Amino acid sequence: MSEHCKLCPRACAVNRSKEQGFCGESSQVRIASAGLHFGEEPPVTGTGGSGTIFFTGCTLRCAFCQNYQISQQGMGSYVSCDEFVAICLKLQELGAHNINLVTGSHFIPQIAQYLREAKKSGLTIPAAWNSSAYESTEALELLKETVDIWLPDLKTLNPHMSQSLFAAQDYPQTAKRAIRWMIEHYPIEKDGELLKKGVIIRHLFMP
């Protein structure tokens, strides 16, 4: 898939084994940080925190991005599958209620593989997919057996605004289709106040 990349809706068709796509990344996974995060919704954060992993690069170019250094300036380090698995298991050991995967849309096949290996190695907490929802349903299908919780940011339903602010006029229709897929496939499951499966839609307030 990375040799003629059409993973995200931009379908830039770059050979990501040799060069970077629109997302700014090659086929090798990079992460900017990993740790316990307490800023998500209460059903995700709980009392122990969300084990959050920020991926480098992004399929959008939001003018207002709060993580600009990560999404557009390439801040991050390459990680192998084994290193990723070790990070997930460490976060679980620290008491994380879930593994929160932030902006990983451009690494979906790799992340799906890494999560499968993590589960084989003892990862038992849910995996949460934290994204802009600018994703094709075909790409989301690759995560179907590995992700439990979906946290899409619905940024706007105005195509003129989406083109102006993040160069993606097709964002509204793409995001609606992706979120509909998430809801259809993942009904809510909770353990007390904690979300174990399901969807939380965030409506972004843009400056």
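Are any residues in the range 190-206 surrounded by 13 or more Cβ atoms within 10 Å (Cβ to Cβ) and either touching a strand residue (DSSP E or B) at 6+ places or on another chain (Cβ under 9 Å) or under 21 Å from Glu138 (Cβ atoms) (or both), and if so, which ones?
First pass over the range 190-206, keeping only residues surrounded by 13 or more Cβ atoms within 10 Å (Cβ to Cβ): 194-202.
Result: Leu195, Lys196, Lys197, Gly198, Val199, Ile200, Ile201, Arg202.
Please tell me if Tyr68 is at pLDDT below 85 and hydroxyl-bearing (Ser, Thr, Tyr). If you could, list the steps in order and put the result at the bottom.
Working: at pLDDT below 85: yes; hydroxyl-bearing (Ser, Thr, Tyr): yes.
Criteria met by Tyr68.
This table checks each residue for (1) among the β-branched types (Val, Ile, Thr); (2) in contact with a Ser or Thr (Cβ under 6 Å, 6 or more places away or on another chain); (3) farther than 13 Å from Ile53 by Cα.
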{"residue": "Leu94", "(1), (2), (3)": "no, no, yes"}
{"residue": "Asn100", "(1), (2), (3)": "no, yes, no"}
{"residue": "Thr103", "(1), (2), (3)": "yes, no, no"}
{"residue": "Ile108", "(1), (2), (3)": "yes, no, yes"}
{"residue": "Gln113", "(1), (2), (3)": "no, no, yes"}
{"residue": "Gly122", "(1), (2), (3)": "no, no, yes"}
{"residue": "Ile125", "(1), (2), (3)": "yes, no, yes"}
{"residue": "Asn130", "(1), (2), (3)": "no, no, no"}
{"residue": "Tyr134", "(1), (2), (3)": "no, yes, yes"}
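Of the residues in the range 59-74, how many are assigned to a loop (DSSP other than H, G, I, E, B) and either crowded, with 18+ Cβ neighbours inside 10 Å or touching a residue at least 24 places away in the same chain (Cβ under 8 Å) (or both)?
9
Working only within the range 75-113, note down all residues that are over 20 Å from Ala175 (Cα atoms), in contact with a Cys (Cβ under 9 Å, 6 or more places away or on another chain) and assigned to a helix (DSSP H, G or I).
Within the range 75-113, Gln110, Gln113 qualify.
Give me the residue from the range 26-56 that is part of a strand (DSSP E or B) and among the polar types (S, T, N, Q) and, out of that set, surrounded by the fewest Cβ atoms within 10 Å (Cβ to Cβ). Quick ask: steps written out before the conclusion?
Restricting attention to the range 26-56, the residues satisfying the condition of being part of a strand (DSSP E or B) are 30-37, 50-55.
With among the polar types (S, T, N, Q) added as a condition, the list becomes 33, 50, 52.
Working: Ser33: 16, Ser50: 27, Thr52: 24.
Restricting to residues being part of a strand (DSSP E or B) and among the polar types (S, T, N, Q), the top hit is Ser33.
Go through the range 136-179 and report how many residues are surrounded by fewer than 21 Cβ atoms within 10 Å (Cβ to Cβ) and in a strand (DSSP E or B).
Going through the range 136-179 one residue at a time, the tally reaches 2.
Being without any contact (Cβ under 8 Å) to a residue 24 or more places away in the chain, of a type outside the set (D, E, K, R) and crowded, with 19+ Cβ neighbours inside 10 Å is the filter here; which residues of the range 8-25 pass it?
If the condition is that a residue be without any contact (Cβ under 8 Å) to a residue 24 or more places away in the chain, of a type outside the set (D, E, K, R) and crowded, with 19+ Cβ neighbours inside 10 Å, then Val14 is the only one that fits.
The values are calculated or read from the model by the stated rules, or taken from the named source; none is laboratory data. Keep in mind that what you see is a predicted model, and the values were worked out from it rather than measured. No Cβ is skipped: glycine too gets one built from the backbone with ideal geometry, and neighbour counts run over all protein chains shown.
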